[in-house]
1. How about the chain: which strands (runs of 3 or more DSSP E) wholly inside it have at least 2 residues that are without any contact (Cβ under 8 Å) to a residue 60 or more places away in the chain?
2. Mind checking whether some residue in the range 4-26 is surrounded by 11 or more Cβ atoms within 10 Å (Cβ to Cβ) and more than 16 Å from the chain's Cα centre (by Cα)?
3. Of all the residues that make up the range 20-38, how many are under 15 Å from residue 90 (Cα atoms) and out of contact with any strand residue (DSSP E or B) (no Cβ under 9 Å at 6 or more places or on another chain)?
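Coordinate-derived values only; no laboratory data. Every value quoted in this text rests on a predicted model; they were computed, and no experiment measured them. Every residue, glycine as well, gets a Cβ built from its backbone with ideal geometry; the counts of neighbours run over all protein chains shown.
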């Protein structure tokens, strides 16, 4: 059985996100791991209403920011995937790790 480790990266800082993903991809390639990606998804604009005590006729603008997403998959290479799971990533990057177990076709 083969394990597929899916890594999802989210950040409002595109440069930090790209640097993190590029460095990880370079490390995986150097260690000989089979990987797919990074896959880029369209950015998402998030709008947050601001709250305050306002008098009559006063208004507050909303605060908005963009969130960027990248995905990377590691196929097999369980030891390398385990090492990636224990890595420290940039503070501005949120990382989600999902592990799927795949069985070969015909079994």
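1. On the way: elements: 2-11, 34-49, 62-75, 93-102.
Strands (runs of 3 or more DSSP E) meeting the threshold: 34-49, 62-75.
2. Narrowing the range 4-26 to residues surrounded by 11 or more Cβ atoms within 10 Å (Cβ to Cβ): 4-25.
If we keep only those that are more than 16 Å from the chain's Cα centre (by Cα) too, we end up with none.
Within the range 4-26 (the criterion being surrounded by 11 or more Cβ atoms within 10 Å (Cβ to Cβ) and more than 16 Å from the chain's Cα centre (by Cα)), the answer is no, since none of the residues qualifies.
3. So the answer is 1.
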